[in-house]
1. What does the structure give for B:117-123 when I average, per residue, the other chain Cβ atoms found within 10 Å of the residue Cβ?
2. How high is the relative contact order of the range A:1-116, in percent, counting Cα pairs under 8 Å that sit 6 or more residues apart?
3. Multiplying the sequence separation of B:Thr30 and B:Thr190 by 0.36 nm and subtracting their Cα-Cα distance, what value in nm do you get?
4. B:Lys131 to B:Asp243: FRET efficiency via 1/(1 + (r/R0)^6), r the Cβ-Cβ distance, R0 45 Å, to the nearest 0.05?
5. What is the ratio of the Cα radius of gyration of the range B:38-164 to 2.2 N^0.38 Å, with N the residue count, to two decimals?
6. Using Cα pairs under 8 angstrom and six or more residues apart, how large is the relative contact order of chain A, in percent?
7. Mind sorting B:Cys224, B:Cys213 by how few other Cβ atoms lie within 10 Å of their own Cβ, fewest first?
8. Given labels modelled 7 Å from the Cα in the Cβ direction, how far is it in nm from A:Val126 to B:Ala141?
Amino acid sequence: MSPTGRELHALWSVVRRNFHLVRRYLGWELVFLFYNVINTLTIALIAFALPPADRDRTIIYLTIGALLWNFLSILFQEVASSVSWERWEGTIEYSFMAPIHRLTYLAGVCMYAVLYGVLRTIVILVAVALFFHIHLARADWLGAAMILAGSSLPFIGLGLIGAVLPLLSTERGAQATQVIQGVILLVSGIYYPISVLPGWIRWMSHLSPATYTLEAARRAILNGEGPLHLLPLTIKLFLSGLILVPLGLAVFQLAEHWAMRNGTLKRSG
Amino acid sequence: MDEGSVSPNAVAVEGQGLWKGFSTKKWVGTKRQVTRSYALKGVDLAVKRREILGILGPNGSGKSTLIRLMATLLIPDQGWLKVFGLDVIRDRQRVRRLINRVSVEASFFKKLTARENLAYAAGLYGVSNAKAQVEATRILASLGLQRDKLEVPLETLSRGQQQKIAIARALLTSPTLMLLDEPTTGLDPTSRRDVQEFVLNVRREHDSTMVLCTHDMAEAERLCDRIAIIHEGRIIAVGTPADLIASYASGGGLEDAFFHITGLDQERLRAEAEGDG
């Protein structure tokens, strides 16, 4: 097998392993999916407390927030918790002494996260569509898909940076990734415009890729803006991905080196 | 040199002046105290090609740290270590292609079946899944493990069965250097014998060098060509089992030689070993 073939083979092994794990934890997967569907529905139902004229638009506004947050948080969480998960299973040393580039391993984790995130989001989207009979005739789906693709990169980058934390500190690192996710949820305007945030916190909204993703997705689905109109935002997201992914990889490699120096790759380390 | 090939004249493992310490931090009142304790204190070692070198030592003597350095999982504070002439830091990727490790704790995804775990491991080393499954079935049959055990989650298997699967996983990648970190600890006598027989078979049939960490004297005497005794981070004696016995326990066994060399209390060490098992 050629070196490139070997790396691709290894990448696919990581993706396949994660889908095998999903199958083995199927009960929990179904419970989480059920919870996600219910959570999205309850958020969208808030719109029924509003006057009928605003209702449809608000349902879609909230649903976009819930769906995108579901997708982006899966991306972030799957990538960020990959190290914690391997450490918890006791397999981290085995995976990390394999003769593959770290990029290959992490690309496998990211590819799985994207596939898994898309699958779960589609299931929730179908459930929401059946429940509310939403009319999306104006939506520009090509623009929305472009935004989704563009936002994946920065979130993978953030996930890689998040994955570093459990390498540095076993338990606190995993706790810190939850805190980061919570802050992104608060400041990105998932369920409300960022203008409602207090001034002292609003500056953080401009740093979160989720803010731009949501703005663009809403413009595509609610206002029917096409790829051309959304190009500046897509480029912004793509560029932030181009910075965050290599940064995440570099930070990950530095942290791995640190862990090898300090002996924290070990499960109990 | 090709990435996976080895120079025919290279020493399998060679290291000099290896030091490795670990820091522990704790708060005493408002002050943060950092204590550094050393697991290895200037270890020199050489393992010949196709040799089984036993590393014998009590708990906390530095055995596993030494194995982790060879496995490219740790970076030494001082000194250097080469595997088949390749530096474990600079040529890490090439070293990884030559080695595999069986550790005392079976490192598996416990909910996955043996087949799924083996498919993952084989994939990481560029071995096709089809080949891996055929080879794993053959290896496990020779270790006395029934075929149907491959289809159930690892968590439902006994420790001995899991350890046999860990050995099969390591062998799937045809390592030139096998690192065995207490592979028989906690196994029942039959499983222990199966694993030991298998280690000897692998050595007979393959171009494989092995480093075996153990605190089982009988196992070390049976399997190892040479034994290095490590105590408090230092290798304090090296030789064939017969040489060690002749030099340090005339008329006794390897266990007597070990206690003579380390100056340890026999009863305490036995209690520790039983506690581990």
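Read the figures in this text as sums done on the coordinates, not as results from a lab. As the structure is a computational prediction, the values presented were derived from the model and not from experiment. In this analysis, Cβ positions are derived from the backbone assuming ideal geometry, glycine residues included, and neighbour counts consider all displayed protein chains.
1. 6
2. 42
3. 52.2 nm
4. 0.60
5. Scaled against compact globular proteins, the figure is 1.23.
6. Over chain A, the number comes to 26 percent.
7. B:Cys224, B:Cys213
8. Reported label-point gap for A:Val126 and B:Ala141 is 4.3 nm.
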